[in-house]
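A short worksheet on the structure shown next.
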Amino acid sequence: MAKNKMAQIEDLSDEDLALKEQLHLYVERVQDSDPQLQKLALQNIRHEIRNSTSSMTSVPKPLKFLRPHYVTLRTYYEQTMMAESDVKEYLADILSVLAMSAPGDEEELESLRYRLLGSKGDISSWGHEYVRNLAGQISKEYAKRQTADTPIDDLLELVQQIVAFHMKHNAETEAVDLLMEVEYLDMLIEHVDRTNFKRTCLYLTTSARYLPGPDDMLVLDLAFSIYLKFEEYTNALQLALLLDKRQYVMQVFTSCNDMLQKKQCCFILARHGVTFELDEELAPIEEDRDILQDILNNSKLSEGYLTLAHDIEVMEPKSPGDIYKEHLLDSNTCAGANVDSARHNLAATFVNAFVNAGFGQDKLMTDASDSSSTNSSGNWVFKNKEHGKTSAAASLGMVLLWDVDSGLAQLDKYFHSKDNHVIAGALLGVGIANCRIKNDCDPAMAILGDYTDNEDTSIRIGAIMGLGIAYAGSQNEQIRCKLEPILNDAKASLDVIAFAAISLGLVYVGSCNEEIAQAIIFALMDRSESELGEPLTRFLPLGLGLLYLGKQESVEATAEVSKTLDEKIRKYCEITLQSCAYAGTGNVLKVQNLLGHCSQKDEMHQGPAVVGIAMVAMAEELGIDMAIRSLEHLLQYGEQSVRRAVPLALGLLSISNPKANVIDTLSRLSHDTDSEVAMAAVIAFGLIGAGTNNARIAGMLRSLSSFYHKDANLLFCVRIAQGIVHLGKGLLTLNPHHSDRSLLSPSSLAGLITMLHSCLDMKAMVLGKYHYILYFLVLAMQPRMLLTLDENLKPIFVPVRVGQAVDFIGQAGRPKIITGFQTHSTPVLLAAGDRAELATEKYIPLSSILEGFVILKDNHDYTEE
């Protein structure tokens, strides 16, 4: 009767009650004086615990019934003089497991303590939850021992067992977390195998973003080694570029013996904008070397882009009128649009260049409908005034972008012109057509090199800027020898020196070249008081900053030297250097520092500080959202010079990615009473919609064109923005990130930063006579496509699913990587935030990220359904 009452109180079944009493008996026998009985009782307890099952939400029954006896067993272990024997170790093992669910002080870490005193047997037999609990206690114990400086060898033995267990049971993320806590990541290499290395490396590379330096680099180094070990060369190469280590890139090429994989690696390098010469060591067979070098030189870019254009059927040239769509507007406002005819034609030049970029045909510069094409394009150039002719002639280079042979042939006629502005434009056009394309003949150097010392200023600028665009990121020694002397040439005009600084910054972007840095600092020291106030002088600190783009601490020495400069430019130089050095790193402390500068009362350096916030924060989505919120506050409380830069920063943060909240903010600012703020907002509209053909932005810009039809400057900005939104008829992007946002192309970012810095003083630069600065955007232009190629690099059309990218890192099984997808046939366009995957398993892609040019090989295991 009493038994039934007790069972009712605890609501136990007869089976459970029997188990409870059995365990109670075992506990009593553990305290017996006979070692044999003790051992048997402990073995029985261990058997019950190991064989018990539980649901997700409940504690296993043996543990539940043994919980009240934990203190008894612990006291017996501690107080009785048990001989050091296997019985004592057995009891320690049981106590270690019981401590997991027993009430007590968490800081005591008893589960771990008894484990270390126990039998050191196989840890996995106690189950997942026990191993997970131990891992948590190890990290706390490790921290304590580090503080007390005591040995950790016993802990590491246990870590070894836990990591092995986790890696076998698909818990790679927990294994990595534990090894990070005990700072022993190198142990991971011996535990990864073919089944788990991909998930392990994905987790390592993702967590590296949230680690402080230098830990982040060590983690990426480890992931690189694992990828190389398992011959995942394209992934290893992406990490080599992320680490920015040229010797790692070489290592990938020397380790890889598969020609197809090497070709895919070359496509990734070409997209990143890396100049790379293959030698016999990297590609022993000459024929193979020529094919690979051809891909590295980007000579397939124009062909691939035009394949995409033919497939989507957008080869038909578009005129500026097709973009303005003035027939949709009120006829009275359109009439005023042609008042400032030269300005109107200049705007049309840029719109035409941006919209038809890379298509090789347009309706202003190459239109052959006239009896002689020369006559036709010549006519349009001469519909512009003076420096307008420079931009007009250069626009031909933009239309023939990436097509070097046609570009040079069609630009040749302008070199015979008697008008220096036209020659300057032709020189710049040669640079633009050669942008990102390397050529064995080196035509850009051959043509432009002769003009860098010309007497005419505009010709010199055309040649210097052309070289900067054509050789961005190449670290070409010839160019340094040509341009560096200009910086310290007392006879050279300020604008020539400024463009020389920018071009050197672009060619040596992120190289930390000390000689050029010194030359630019001396050029700044030589400037007179009046020259330091000139808007163009700001290009000198910017050229200096580009040398250290993304190089973080490497800038410190130069930053110290810059503090000796004249106080007029000192602060500007310091902020430009810091923002360039930490661009794309997401460094929170630097963002706080730059926000601090925005709250001061000084005018000149606040623009670069605001743009700098965007440059640093653009590394990942969370940082971007937080920066956008901070910029909202600056709009409300900032000085006028801060407000003028905020739209540009917003433009950079969501470049080619029209987010609704940013569109709303810019829409409000585009009607601001301060015309400088409104102009910056209009240009930012272009940047966030760049190459998207976004209907909402296009509609807003149309209504702005009628709203500002009497304001020539603002109307010009609206036209430029319209051109950028329809960039390459919607096939191009300005986003400097690629490979699923994991890599940032330095030369692309450099082009954007240069353009944004010049927009900080619109009236003097873009609206003055230096409007061709807008062509620096060409450095960031890339087709936003996925083009699949067969093993002979010929396009093949395969079905792919394109949808919103989903974060799948650390999830169990084979999670979906996209959501809300549609199935298309390649080539396809990829918008910001899109990801693609092959719809069938007929082919195996050689790159894990389907973006740009991807080589497919046949899957021999595939059978058609």
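The values are calculated or read from the model by the stated rules, or taken from the named source; none is laboratory data. Keep in mind it's a predicted model, so treat the numbers as computed, not measured. Note: ideal-geometry Cβ built from the backbone for every residue, glycine included; neighbour counts use all protein chains shown. These area figures cover heavy atoms from the full protein model, side chains too; ligands, DNA and RNA do not enter into them. Shrake-Rupley method; radii C 1.70, N 1.55, O 1.52, S 1.80 Å.
The single residue among G127, G136 that is of a type in the set (G, A, S), more than 36 Å from the chain's Cα centre (by Cα) and surrounded by fewer than 20 Cβ atoms within 10 Å (Cβ to Cβ) turns out to be G127.
From the list A695, A712, A690, A660, pick out the single residue that is out of contact with any Pro (no Cβ under 8 Å at 6 or more places or on another chain), buried (at least 22 other Cβ atoms within 10 Å of the Cβ) and not aromatic (F, W, Y). None of the others qualify; the one that does is A690. Take the conditions (1) crowded, with 16+ Cβ neighbours inside 10 Å; (2) assigned to a loop (DSSP other than H, G, I, E, B); G813 misses just one of them, which is (1). Taking the criterion of being under 26 Å from N196 (Cα atoms), touching a residue at least 12 places away in the same chain (Cβ under 8 Å) and under 24 Å from the mean Cα position of the chain (by Cα), the residues of segment 804-826 that qualify are Q804, A805, V806, I809, G810, I817, I818, T819.
Taking first residues from segment 586-597 that are in contact (Cβ under 8 Å) with a residue 24 or more places away in the chain and partners that are among the hydroxyl-bearing types (S, T, Y) and part of a helix (DSSP H, G or I), the Cβ contacts under 8 Å between residues at least 6 apart in sequence or on separate chains come to K590/S579; V591/S630; L595/S630.
Of all residue pairs spaced 6 or more apart or on separate chains, those with beta-carbon atoms under 7 Å, a first member in segment 639-650 that is open to solvent by 10 Å² or more (accessible area, probe 1.4 Å) and a second member that is of a type in the set (V, I, T) are R643/V677; R644/V677. Among the criteria (1) exposed (fewer than 14 other Cβ atoms within 10 Å of the Cβ); (2) modelled with pLDDT under 85; (3) of a type outside the set (A, V, I, L, M), the one D186 does not fulfil is (2). If you filter segment 435-483 down to residues that are part of a loop (DSSP other than H, G, I, E, B) and among the β-branched types (V, I, T), you find that the one that is farthest from K300 (Cα to Cα) is T452.
When you check E277 against the structure, is it modelled with pLDDT under 90, under 15 Å from L296 (Cα atoms), open to solvent by 60 Å² or more (accessible area, probe 1.4 Å) and of a type in the set (D, E), yes or no? The answer is yes for E277. Would segment 494-512 turn up any residue that is modelled with pLDDT of 90 or more, farther than 23 Å from V430 by Cα, among the polar types (S, T, N, Q) and surrounded by fewer than 24 Cβ atoms within 10 Å (Cβ to Cβ)? Scanning segment 494-512, I find at least one residue that is modelled with pLDDT of 90 or more, farther than 23 Å from V430 by Cα, among the polar types (S, T, N, Q) and surrounded by fewer than 24 Cβ atoms within 10 Å (Cβ to Cβ), so the answer is yes. Within segment 262-274, residues that are of a type in the set (D, E, K, R) have Cβ atoms under 6 Å from residues that are open to solvent by 10 Å² or more (accessible area, probe 1.4 Å) in these pairs: R271/G852, counting only partners at least 6 apart in sequence or on another chain. The combined condition, being open to solvent by 40 Å² or more (accessible area, probe 1.4 Å) and out of contact with any Phe, Trp or Tyr (no Cβ under 7 Å at 6 or more places or on another chain), is not fulfilled by D419. Inside segment 778-802, residues that are open to solvent by 10 Å² or more (accessible area, probe 1.4 Å), outside any loop (DSSP other than H, G, I, E, B) and touching a residue at least 40 places away in the same chain (Cβ under 8 Å) make up a count of 3.
Under the condition of being open to solvent by less than 20 Å² (accessible area, probe 1.4 Å) and β-branched (V, I, T), the residues counted in segment 289-317 number 1. Within segment 717-739, the set of residues being touching a residue at least 60 places away in the same chain (Cβ under 8 Å) and farther than 17 Å from M785 by Cβ comprises R719, I720, Q722, G723, I724. If the condition is being assigned to a loop (DSSP other than H, G, I, E, B) and either touching a helix residue (DSSP H, G or I) at 6+ places or on another chain (Cβ under 8 Å) or at pLDDT 90 or above (or both), then segment 232-244 contributes only E232.
When N434, N439 are checked against the criterion of being within 29 Å of the chain's Cα centre (by Cα) and in contact (Cβ under 8 Å) with a residue 60 or more places away in the chain, N439 stands alone in meeting it. The set of residues in segment 197-215 being surrounded by 18 or more Cβ atoms within 10 Å (Cβ to Cβ) and over 23 Å from N170 (Cβ atoms) is empty. Of all residues in segment 608-631, those being at pLDDT below 90 and touching a helix residue (DSSP H, G or I) at 6+ places or on another chain (Cβ under 6 Å) number 1.
The residues of segment 1-31 that are open to solvent by less than 50 Å² (accessible area, probe 1.4 Å) and either at pLDDT 75 or above or farther than 15 Å from A92 by Cα (or both), listed by number, are A7, L12, D16, L17, L19, L23, Y26.
Of all residues in segment 816-865, exactly one satisfies the criterion of being surrounded by fewer than 18 Cβ atoms within 10 Å (Cβ to Cβ), of a type in the set (G, A, S), in a strand (DSSP E or B) and at pLDDT 85 or above, namely S825.
Matching residues to (1) open to solvent by less than 10 Å² (accessible area, probe 1.4 Å); (2) of a type in the set (F, W, Y); (3) closer than 19 Å to C759 by Cα:
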| position | (1), (2), (3) |
| --- | --- |
| A523 | yes, no, no |
| P535 | no, no, yes |
| L542 | yes, no, yes |
| G545 | yes, no, yes |
| Y548 | yes, yes, no |
| Q552 | no, no, no |
| T576 | yes, no, yes |
